[in-house]
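Worksheet for the structure shown next.
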Amino acid sequence: MTRRTVRIAMNGVTGRMGYRQHLLRSVLAIREQGGVDLGGGETLWPEPVLIGRRDHALREIAERHGLTEWSTDLDAVLDDDTIDIYFDAQVTSARVEAIKKAIDAGKHIYTEKPTATDLEGALELARLARTAGIKHGVVQDKIFLPGLLKLKRLIDGGFFGDILSVRGEFGYWVFEGDWQDAQRPSWNYRAEDGGGIVVDMFPHWEYVLHELFGRVLSVQAHVTTHIPQRWDEQGKPYAATADDAAYGIFELEGGAVAQINSSWAVRVNRDELVEFQVDGTHGSAVAGLRNCRVQHRSATPKPVWNPDLPVTESFRDQWQEVPDNAEFDNGFKAQWELFLRHVVLDEPYQWDLLAGARGVQLAELGLRSSAEGRRFDIPELTL
C-alpha cells in the first residue's frame, strides 16, 4: 500500500468547532482509519499543521494527539511550499484576510462558513480562488447528516409527489451566563464581533434548501434579540447586540415554501435540536439530525377537529421510521474525505466558495428584510 501525504494548515483548532469536528472527528479520525483509500493500492494521509494565536493551547492539543507541528505564525506556515491545503475555522471577522493570504500563497482552500461578513467579501474570495486556479470548498455539513441523507433518499425516490412546504425548527436555550455558564461563546451575541444567529444559521439553511428542494428565490424574515444582556466567559455582563432569533419564510424554485425558525432562546420540545417537516401530495416526512419518520398518503389518518373532546390517539405513533439501510459516517469527516479526493484526484466537488457566497447573500438579505419590513428576491450569483 502506497501512502500519499497531504499537508493541511488548520487555523482555528483551539476553538470548539475547529477542534472537535474538524481536527478530532475528521482529520484525526481519517488517520485512525488508515487514511483515505484512493484505490489501486494507494491511500491519502492527512498531516495537520496546527495554527492559532495561543502557543500553549496549540502545544497542549498537539501533545495530546501525538502531533509535532504547530505555529502562531500564519505567514510562515503559508510560505512553506510543502503545505497543500489551508483550512479556516476562525471567527468570521478574521477569515477573509487569512484566506486571501492562503490564495496568494497558492494553497487549496477549505473553510468553515460564513466565508465572509458580507456578500462583497464572499464573492471576492470566490473570484480570487478562480483566478488563482486553486481548488476550494466550504463546509456544508448538515446535508451529510443521517436524517437529511434519509430525507434526500425519499426525495430522489419520488416519495413526496409534489413537494408543497418545508417547516424547520432549530434551536435550544443558550444560558445567559450568569447563574449557569453559557454553552456558546460570548462573541456569538455581539454584532461587532461577527455574531448573530442569522449570519450563523441562514448560510446553513441556504445550502440545505438549495441541495434538497431547489434554489431559494426570495426571503422574508423577522429578526430579533430576545435576551438583551448576557454574561461573558469572565462572568462580566455585556450587551447582546446581535440577534438571537430569526423567523424566515423562503420561496423555493418549483413553488414550495419553506418556513424556518432559528432561536437560541427556545426550550426544546421536539425529538432533536433541528427538525424539518416536508409535506407533499403523496406523503410527508420529519427529518432530524439522525432520524427520519414518514407518513404516506395511503396511511394518513383523517383527524376531525373537536375541541370538546380529549385526543384519544397519539399522532406521533402514526408515523413510520425510515431505516438506516447504510452506515452513516460523521458528516464533517465525510465532507473532508470528499474534498481531499477532489484535491488529489480532481473528483467533482460542488460546494465551493461561490456556494458559500450564496449563504452569505441569504443572511445579508434576511437581515435587510427584517430591518426594512420587506420581502426580497434573491438574484442568482455568478462570477
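The values are calculated or read from the model by the stated rules, or taken from the named source; none is laboratory data. Treat the numbers as computed from the prediction; the structure is a model and nothing was measured. A quick note on method: Cβ atoms are made from the backbone with ideal geometry, for glycine too, and the neighbour counts reach across all protein chains shown.
Only residues that are touching a His at 6+ places or on another chain (Cβ under 7 Å) and assigned to a loop (DSSP other than H, G, I, E, B) were counted in the range 127-158, giving 2.
One line per residue, one yes/no per condition, for (1) within 30 Å of Asp244 (Cβ to Cβ); (2) in contact with a Phe, Trp or Tyr (Cβ under 8 Å, 6 or more places away or on another chain); (3) among the acidic types (Asp, Glu):
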| residue | (1), (2), (3) |
| --- | --- |
| His296 | no, yes, no |
| Lys302 | no, no, no |
| Ser314 | no, no, no |
| Trp319 | no, no, no |
| Asn325 | no, no, no |
| Gln335 | yes, yes, no |
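Within the range 78-97, can one find any residue that is in contact with a helix residue (DSSP H, G or I) (Cβ under 9 Å, 6 or more places away or on another chain), part of a loop (DSSP other than H, G, I, E, B) and surrounded by fewer than 19 Cβ atoms within 10 Å (Cβ to Cβ)? For the range 78-97, residues in contact with a helix residue (DSSP H, G or I) (Cβ under 9 Å, 6 or more places away or on another chain), part of a loop (DSSP other than H, G, I, E, B) and surrounded by fewer than 19 Cβ atoms within 10 Å (Cβ to Cβ): present. Of the residues contained in the range 27-38, one or more are found to be exposed (fewer than 15 other Cβ atoms within 10 Å of the Cβ) and assigned to a helix (DSSP H, G or I). Applying the selection to the range 44-74, what residues are closer than 11 Å to Ile8 by Cβ and among the β-branched types (Val, Ile, Thr)? Val49, Ile51 - these are the residues of the range 44-74 that are closer than 11 Å to Ile8 by Cβ and among the β-branched types (Val, Ile, Thr).
One line per residue, one yes/no per condition, for (1) buried (at least 23 other Cβ atoms within 10 Å of the Cβ); (2) closer than 30 Å to Val286 by Cα; (3) not small (Gly, Ala, Ser):
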position: Gly121; (1), (2), (3): no, no, no
position: His136; (1), (2), (3): yes, no, yes
position: Pro146; (1), (2), (3): no, yes, yes
position: Lys150; (1), (2), (3): yes, yes, yes
position: Trp173; (1), (2), (3): no, yes, yes
position: Asp178; (1), (2), (3): no, no, yes
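I'd like to check something: does the range 78-85 contain any residue that is under 30 Å from Ala9 (Cα atoms) and within 22 Å of the chain's Cα centre (by Cα)? So far as the range 78-85 goes, yes, one or more of its residues are under 30 Å from Ala9 (Cα atoms) and within 22 Å of the chain's Cα centre (by Cα).
Would the range 342-364 turn up any residue that is farther than 30 Å from Asp84 by Cβ and of a type outside the set (Gly, Ala, Ser)? Yes: one or more hits.
Just one of the listed residues (Glu206, Glu233) is part of a helix (DSSP H, G or I) and either modelled with pLDDT of 95 or more or at negative phi (or both), namely Glu206. Hey, does the range 147-164 have a residue that's assigned by TED's automatic domain parsing to the domain that holds Arg270 and under 26 Å from Leu367 (Cα atoms)? So far as the range 147-164 goes, yes, one or more of its residues are assigned by TED's automatic domain parsing to the domain that holds Arg270 and under 26 Å from Leu367 (Cα atoms). Of all the listed residues (Val49, Val13, Val6), the sole one being among the β-branched types (Val, Ile, Thr), closer than 20 Å to Ala89 by Cβ, outside any strand (DSSP E or B) and assigned by TED's automatic domain parsing to the domain that holds Asp80 is Val13.
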